[in-house]
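Each reported figure results from applying straightforward, stated rules to the coordinates on display, with no laboratory input. Since we're looking at a predicted model, the values are computed, not measured. Backbone-built Cβ (ideal geometry, glycine too); neighbour counts: all protein chains shown.
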Amino acid sequence: MTAIYERELDSQLNGLTGYVYGALMLLFAGIYVMVYNLSGSPDFTSVMYSMTFIYLIAIPLLTMRAIAEERHQKTDQLLYSLPLSMAKIVLGKYLALVTVMVMPILLMALYPLVLNALATAGSMSFKSAYGAIAGYILLGLALTAIGLFVSSLMESAALAAGACFILMLLIYFMGPLTEYIPETAGASLAALAVTAGLFGLILWRLTKNGPFAGVVTLALEGALGGCWLAWPDSFRGLFAKVAGQLAVFDKFDNFAYDIFDLRAAVYFLSVAAVFLFLTVQVMERRRWAQ
Amino acid sequence: MIEVNHLTKRYGSHTAVEDLTFTVEKGYVYGFLGPNGAGKSTTMNILTGCLAATEGQVTIGGYDIFEEPIKAKRLVGYLPEQPPLYGGMTVQEYLSFVARAKGVPVRRLDEQLERVAAVTGVKDVAARLIRNLSKGYRQRVGIAQALLGEPEIIILDEPTVGLDPLQIVEIRQLIRDLGRERTVILSSHILSEVQAVCDRVLMIHRGCLVASGTPAELERQCAGKVTYRVTVKALPGEARAALEPVKGIVDVDAAAGEGGRTDLTVTASETGADMDERLSFALSDRHIPVLRLEREQASLENVFLALAQDAPEAAPAEEKHRRRGRRDRA
């Protein structure tokens, strides 16, 4: 696994992407610090809050090549023939991406110290500043796993970057969007039924196993129908709640309000774990339907 | 070393490999021979765990490639059709990465890198970026990569494709050298290559194994039939009539040539010098001048062409029935 980790790190740092990522992050961190802190406010959390938006571009940039490029160059055959489990290969890659992801953020961690020393903006709250930075890293862990997953689905780095950006955009605006979802139980049922159908479709695309995907979809739809008959009231606003769970970025909000949100931290780590698991599954599936 | 049992791979409705069964013994160079699209790469990808089979079983050194992939893969070094190289790394970096990924212990790393680089002749280019290497050197780096971790079995998919004649000679020599200590399986659609390098030949056509054995055995298999190329000065009908009474002739193909000549392709079931004489007497008895009488050498090429033509489009019904009982892996 260390070999995979080092190679991935090497390819990030020998190519441009690692540096472009770092430069992008530091450039915008600098701009935000200038706008917020150097003009008077000692509040570093608002810098990190604004920085979440930069992940929209930075994460696709960081993760696009990770697996898509291997497929494109056919080097994935080497990975498949190595005496290593796919979980270790994926984890090695993920940790390398995380290492690159964290580097500029560690540099940013110096900013509160510098700002405090300059004392241009009154006294700095280190607790909230570092809480926000920790939250920002945790958010990054989740998003990097999502980006890696998208990269594993795509044939080329450019496609992976595009798809990842769209997905990031979607989950960024998921929070505000859920407010427009109708609250009625019927609408929730319909939306969930459609989602289950889409899930079945994706399953069919990934596994190329029609009967299996069909049975799973029917089971899901059946379960939904059963729940609807048993507890129709619980469907009120359910879809909005489910969709709200996908609003990964919103979970960062508490960190920006000076609270170290342990639940959000667990949530970020769970998202990362789920998407790493999915990435392994996609890679394993590909063995079947190359 | 390798046992393949009733291996089948389907892509949707297309069957790439059908009911393949063979055994690979230790210490030989095996040639996997077949035209393009015969299922060679698919089979090799399955043997190395890069691809899952639809049905069937593959065991490598006693380990099932699907059940215990890591143990099985440790025994195998694989060079896919397109060498899996990272262009941005130097040869040294790349080989060092593969060695560590294969779990070569650190204390043996340098020694092994040194040896593999020496065997494959990539020492001179160790410090160069892979993307700047010529095709021949890339192929060597690909083979070097397969040798790392000291696997007992080396699988090479079309190792000489795209190389110049000199490089081909060198790579073949390298494969022969490897074959002294290890089991090597290589695929090729070039018959002369297989004849030159391999101890055993597995012929595959449309995903089915059509023949296997040593090159000499396969030639003998074909030796039951012999082909003569005969040019006579006569009309096709006359020539045909003249040859009709000759015993042992299976088929006569006559084509009219220039200046009243006829080119005959005669397939006979009997061999030996006797047949040559009978042919020539039969023609001269009818006062047909024989301008040329040539016996075609039985070669792997002929074996292959004959087998490829005879290969069944579909397996017999009884075969299919038996196959149904097998466990489905999909």
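Please pull out the direction-averaged projected area of segment B:137-227, using the convex hull of its alpha-carbon atoms, in nm² to one decimal place. Don't skip to the end; give the middle numbers.
Numbers: hull surface 28.9 nm².
Its average projected convex-hull area is 7.2 nm².
Cβ crowding within 10 Å, taken as a proxy for footprinting-reagent exposure, orders B:Glu152, A:Glu179 from fewest neighbours to most as A:Glu179, B:Glu152. Going from the fewest other Cβ atoms within 10 Å to the most, the residues A:Met34, A:Met283, B:Met44, A:Met1 appear in the order A:Met34, A:Met1, A:Met283, B:Met44. Simple point charges give the picture: +1 on the Cβ of Lys and Arg, -1 on the Cβ of Asp and Glu, and for segment A:1-95 a dipole about the Cα centre of about 180 debye. Note on segment A:1-160: percent of Cα-Cα distances in each 5 Å bin, starting at 0 and stopping at the bin with the largest distance, equals 2, 9, 18, 20, 16, 11, 9, 7, 5, 3, 1, 0.
Projecting the Cα positions of A:Gly175, A:Ala213, A:Trp288 onto the charge dipole of chain A (unit charges on Cβ atoms of Lys, Arg, Asp and Glu, taken about the Cα centre) puts A:Trp288 furthest along the positive direction. Comparing A:Ser234, A:Ser128, A:Ser46 in a Gaussian network model of chain A where C-alpha atoms under 10 Å apart are linked, the largest mean-square fluctuation is found at A:Ser234.
Where nothing but the Cβ of Lys and Arg (+1) and of Asp and Glu (-1) is charged, how large is the charge dipole of the protein assembly as shown around its Cα centre, in debye to the nearest 20?
Numbers: 58 positive and 62 negative charges, 154 e Å.
The calculated dipole for the protein assembly as shown is roughly 740 debye.
Computed about the Cα centre, the dipole magnitude for segment B:224-297 is approximately 100 debye when only Lys and Arg (+1) and Asp and Glu (-1) carry charge, each at its Cβ.
When the protein assembly as shown is described by a simple charge dipole with +1 on each Lys and Arg Cβ and -1 on each Asp and Glu Cβ, the residue from B:Leu174, A:Tyr136, A:Val242 located farthest towards its positive end is A:Tyr136.
Comparing B:Glu158, B:Glu111, B:Glu55 in a Gaussian network model of chain B, where Cα atoms under 10 Å apart are tied by springs, the biggest mean-square fluctuation is seen for B:Glu111.
So if I take the centroid of the Cα atoms in segment A:174-218 and the same for segment B:50-128, what is the distance between those two points in Å? Here the two parts' Cα centres lie 42 Å apart.
Anisotropy class assigned to segment A:149-290 is oblate, per the alpha carbon gyration tensor with a/c at or over the 1.5 cut-off and a/b no larger than b/c. By the helix-only formula, in which each DSSP H run with n ≥ 4 contributes -39500 (n - 2.57) and the sum is divided by residues, the protein assembly as shown has a 222 nm mean residue ellipticity of -17500 deg cm²/dmol. Measure nothing fancy, just the Cα-based angle from helix B:91-101's long axis to the longest principal axis of chain B, in degrees from 0 to 90, nearest 10. Helix B:91-101 sits at roughly 80 degrees to that axis. Normalised by the number of residues in chain A, the mean separation of alpha-carbon contacts (under 8 Å, six or more apart) gives a relative contact order of 26 percent.
Size of segment A:34-106 from its Cα atoms: along the principal axes, largest to smallest, the extents are 58, 21, 13 Å.
Taking other Cβ within 10 Å of each residue's Cβ, how do B:Ser269, A:Ser188 sort, fewest first?
Working: B:Ser269 13, A:Ser188 23.
The most exposed by this proxy come first: B:Ser269, A:Ser188.
Answer rounded, prolate or oblate for segment B:2-214, using the Cα gyration tensor with square roots of eigenvalues a ≥ b ≥ c: rounded when a/c is under 1.5, else prolate when a/b is larger than b/c, else oblate.
Prolate.
On a 30 Å Cα-Cα criterion, which of the cross-link pairs A:Lys93/B:Lys26; A:Lys88/A:Lys241; A:Lys74/B:Lys123; A:Lys93/A:Lys251; A:Lys93/B:Lys73; A:Lys88/B:Lys135 come out too long?
On the way: A:Lys93/B:Lys26 36 Å; A:Lys88/A:Lys241 34 Å; A:Lys74/B:Lys123 25 Å; A:Lys93/A:Lys251 25 Å; A:Lys93/B:Lys73 21 Å; A:Lys88/B:Lys135 32 Å.
Beyond 30 Å between Cα atoms: A:Lys93/B:Lys26; A:Lys88/A:Lys241; A:Lys88/B:Lys135.
Could you quote the convex hull projected area for segment A:72-148, Cα atoms only and averaged over all directions, in nm²? Approximately 6.9 nm², given one-decimal rounding.
Size of segment A:173-235: Rg and Dmax of its alpha carbons, in Å, are 13.7, 37. For B:Leu129, neighbours were defined as the other residues whose beta-carbon sits under 12 Å from its Cβ, and their charges (Lys and Arg +1, Asp and Glu -1) total +2. Note on chain B: GNM, Cα springs under 10 Å; of B:Leu293, B:Leu79, B:Leu133, the largest mean-square fluctuation is that of B:Leu293.
Quick one: Kirkwood hydrodynamic radius for the protein assembly as shown, alpha-carbon pairs, angstrom, one decimal? Mind dumping the intermediate values first?
Values: mean 1/r = 0.0342 Å⁻¹.
29.2 Å is the Kirkwood radius here.
At q = 0.15, 0.24 Å⁻¹ the log10 of I(q)/I(0) for segment B:224-297 amounts to -0.41, -1.09, computed by Debye summation with a single uniform scatterer per C-alpha, solvent ignored.
Given contacts defined as C-alpha pairs under 8 Å and at least six residues apart, what's the relative contact order of segment B:150-263, whole-number percent?
Value for segment B:150-263: 17 percent.
Over chain A, the fraction of Cα-Cα pairs per 10 Å bin, rounded to whole percents and listed from the shortest bin up, is 6, 24, 30, 23, 13, 4, 0. In order along segment B:12-17, phi translates into HN-Hα couplings of x, 8, 8, 9, 7, 9 Hz, rounded to whole numbers, per the Karplus curve 6.51 cos²θ - 1.76 cosθ + 1.60 with θ = phi - 60° and x for Gly and Pro.
When only C-alpha pairs under 8 Å and at least 6 residues apart count, what is the relative contact order of segment B:132-183, in percent?
Working: 22 pairs, mean separation 20.7, N = 52.
Over segment B:132-183, the number comes to 40 percent.
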